[in-house]
Amino acid sequence: MIRLFDRHSVRSVKELDGMWSFTPDNGSGKTYSLPVPGCWEQHPDLLTYRGTGTFARTVRVTKDTAVRLVFKGVSHTADVYFDGQKVAHHYNAFTPFTAEIPGVKAGEHELTVKVDNRFSEASALHIPNDYYTYGGITRPAALEEIDDLFIERVHFTPEQTGSGWKATVELTVRNIGAAAAELDAQAELAGITLRFPHETIPAGGETIVCAEADFPDVNAWSPDAPNLYFLRAILRRGETETDDLIERVGFRTVSWQGGRLCVNGNPVFLKGFNRHEDYAAVGCAVPVQLMAQDLDLMADMGANAVRTCHYPNDERFLDLCDERGFLVWEENHARGLKLHHMQNPNFERQCEDCIREMIENHYNHPAIVIWGILNECASDTPEGRVMYKKQFEQIKSLDTTRPTTTATCQHFKDLCLDLPDVVSFNIYSGWYTDAPIAEACEREIEWIRRDGGAGKPLIVSEFGAAAVYGYRDPGHVKWSEERQSDVLDECLSVYMNHPEITGTFIWMFADCRVCEENNWFSTRARGHNNKGVVDEYRRPKIAYQTVKNHYKK
Ligand code: ADA
């Protein structure tokens with residue numbers, strides 16, 4: 001399942017979930033049968049394998065046609081070959097990519113994907129970190145049979161009017177054929193038909209066409225009433241429908257004023273968790289069943305928001321958030337990159353690619369209410385500020401409908417507080433520092449208001465403490481579940497009752513595996529970050545009920 005709803009009724013789609021052959025380049029001479037989506041680390045021979053390897057399978061094409069390969073995530077670098085011809089290269093485990101191949105004959109074809117999860121200078125974003133970089137085709141993949149003239153994407157932008165809603169629909173259409181083609185497109189949404197201007201698209205070209213309409217009778221999407229509608233875009237040649245693309249959208253707006261974040265003009269308090277895509281037995285290839293369980297558990301604790309720390313998430317998880325009215329802070333891929341990491345010659349391009357792929361592909365999710373960048377990177381340096389500014393500007397060039405933010409830990413020395421729409425800070429009073437939680441919070445907010453964050457909504461984007469699941473101690477010593485509960489209890493009492501704070505994201509929902517190749521993270525007990533309120537098997541710690549006492553009020 002590549003999404004939680006069918007995205008085509010005309011275009012033929014074959015999902016490529018299932019067993020692929022995998023041959024690691026580790027000199028073992030072995031070939032495995034591994035599941036896709038999946039992480040190779042789930043195989044006992046490959047638990048800690050960091051290297052390269054080749055996935056392969058046969059695919060069947062039903063007629064002479066153009067073919068489009070869709071990969072929602074390969075960790076972390078992919079080179080894709082179709083019948084031995086290289087058709088795609090992609091870096092970053094957390095964003096999707098496609099490959100279009102015109103003129104494919106009906107019959108069987110060989111599909112191979114060379115995958116690399118090594119750390120090197122070629123990888124500026126996947127570095128040894130406080131989460132694990134797995135290996136594999138870790139998110140769903142599909143083979144589409146497409147017409148030479150096909151819809152690449154549809155963007156839906158709603159706007160409140162005095163009498164209800166209006167919306168703009170933008171189609172991106174590509175012509176991969178050898179001849180120019182006439183564009184005849186329309187879209188259907190909530191009983192309204194939108195017609196797009198006719199155009200001639202040259203061979204190898206693409207165009208973007210827009211149409212707008214009023215929707216006086218639709219119901220808004222909101223956290224309490226997450227109403228969704230199917231938007232179906234269609235291409236025709238004469239009377240024949242030759243391609244289509246179905247999106248699922250919600251009529252809602254996000255605004256940020258007076259220090260508050262608002263959905264449809266109504267202020268919201270984000271009661272959130274930070275969640276890594278990581279689950280004991282399956283690594284980052286979390287299936288929908290377990291994604292749904294994660295959201296059920298977060299909602300059971302009374303949460304209404306989730307931060308996709310520290311990278312764009314699987315679209316099926318975003319689909320679940322859309323259906324449940326669960327608000328999302330999605331962010332580009334970066335965690336704790338010092339200036340020397342940000343000066344890696346690949347850094348800026350890899351960040352730019354990640355932001356573009358994140359927003360182009362996730363734009364229509366009503367649940368996403370904020371875009372984040374560069375968690376705890378070098379925002380305390382003039383060189384870092386230049387890059388932060390560039391990335392915020394890139395986001396605004398792609399989407400002006402959502403606010404921007406970044407989670408800083410550069411306390412009292414951050415140079416970028418004036419750049420984002422929302423100021424967010426990570427603070428570990430009670431764990432990494434013994435500073436009194438309330439006083440440290442006041443000092444932080446006074447500094448933020450003085451140094452560029454005046455009047456902006458404030459989010460405490462990370463706070464918490466570690467506990468090893470099952471370690472109980474009546475003395476509430478560090479690493480006990482009791483101590484974690486005490487720290488979260490005090491933090492939530494302070495942060496949720498502070499008049500200037502509009503959201504809290506607990507660090508973190510569930511324990512996650514970390515990289516041993518980094519000295520600091522190699523000291524983490526069990527090779528995990530243990531600050532989850534549940535462990536990596538989602539077994540609740542004492543803090544689960546503590547959070548519920550605050551979030552469920
Ligand atoms: C930082 C970082 C998180 C995690 C956390 C911790 O705030 O943003 O990814 O590493 O520290 O657990 O120390």
_Partners for LYS63 among lysines (Cα-Cα distance below 20 Å; same-chain residues under 8 apart left out)_ = LYS14, LYS105
*Report, by chain and number, residues whose modeled amide H sits under 5 Å from the one on VAL67, excluding near sequence neighbours (fewer than 5 apart, same chain).*
ILE101, GLY103, VAL104, ILE146
*Roughly how many nanometres apart are two label points built 7 Å out from the Cα toward the Cβ at VAL13 and VAL87?*
1.7 nm
*If we count every other residue with Cβ under 13 angstrom of PRO436's Cβ, Lys/Arg +1 and Asp/Glu -1, where does the sum land?*
-4
*Listed highest first by mean packing, meaning other Cβ atoms within 10 Å per residue, what order do 223-233, 44-54 come in?*
223-233, 44-54
*Starting from the Kirkwood radius over alpha-carbon pairs of segment 439-497, derive D by Stokes-Einstein at 10 °C in a medium of 1.306 mPa s and give it in µm² s⁻¹.*
120 µm²/s
*Quick one: if the Förster radius is 51 Å, what FRET efficiency do ALA178 and GLU442 give, using the C-beta to C-beta distance and rounding to 0.05?*
0.15
*Under the definition of Cα pairs under 8 Å and six or more residues apart, what whole-number percent is the relative contact order of the chain?*
12 percent
*asked:* Let me check I've understood the local charge: for GLN410, count other residues with C-beta under 13 angstrom from its C-beta, Lys and Arg +1, Asp and Glu -1. What total comes out?
replied: -2
_Under the rule a/c < 1.5 gives rounded, and otherwise a/b versus b/c splits prolate from oblate, where does the chain land using the Cα gyration tensor?_
oblate
_Straight-line reach from LYS166: which lysines fall under 17 Å, measuring Cα to Cα and dropping same-chain residues less than 8 apart?_
none
*log₁₀ I(q)/I(0) of segment 394-553 at q = 0.12 Å⁻¹, via Debye over equal Cα point scatterers, no solvent, to two decimals?*
-0.58
*For LYS541, list the lysines whose Cα falls under 16 Å from its own Cα; do not include residues on the same chain fewer than 8 positions away.*
LYS478, LYS531
*Expressed in whole Å with the largest first, what are the equivalent ellipsoid semi-axes of segment 143-190 derived from the C-alpha gyration tensor as the square root of 5 times each eigenvalue?*
30, 11, 8
*Kindly write out, for segment 217-228 in residue order, the coupling ³J(HN,Hα) from the Karplus curve 6.51 cos²θ - 1.76 cosθ + 1.60 (θ = phi - 60°), rounded to whole Hz, with x marking Gly and Pro.*
10, 7, 9, 5, 8, 8, x, 8, 9, x, 6, 10
*Two-site FRET efficiency, GLU490 against LYS390, from Cβ-Cβ distance with R₀ of 25 Å, rounded to 0.05*: 0.05
_Rounded, prolate or oblate, given the Cα gyration tensor of segment 149-249, with a/c below 1.5 counting as rounded?_
prolate
*How would you rank SER12, SER461, going from fewest to most other Cβ atoms within 10 Å of each one's own Cβ?*
SER12, SER461
*Report the local net charge at TYR91: Lys and Arg +1, Asp and Glu -1, summed over other residues whose C-beta lies under 14 Å from its C-beta.*
-3
_Rounded, prolate or oblate, given the Cα gyration tensor of segment 480-553, with a/c below 1.5 counting as rounded?_
prolate
_Gain in span if fully extended, GLU108 to THR400, counting 0.36 nm per residue against the direct Cα distance_ = 100.6 nm
*Where the Cα atoms of segment 1-139 are projected onto their three principal axes, how long is each span, largest first, in whole Å?*
44, 31, 27
*Stick to Cα atoms and the Kirkwood definition of Rh, then tell me Rg/Rh for segment 267-551.*
0.94
_For q = 0.19 Å⁻¹, Debye-computed log10 I/I(0) when each Cα of segment 306-386 counts as one equal scatterer_ = -0.79
*When only alpha-carbon atoms count, how far does segment 345-439 stretch along each of its three principal axes, as whole angstroms with the largest first?*
43, 34, 21
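Every number here is computed from the coordinates shown, using simple stated rules; none is lab data. These numbers come from a predicted model, not from an experiment. Don't worry about glycine lacking a Cβ; one is built from the backbone with ideal geometry, like all the others, and counts go over all protein chains shown.
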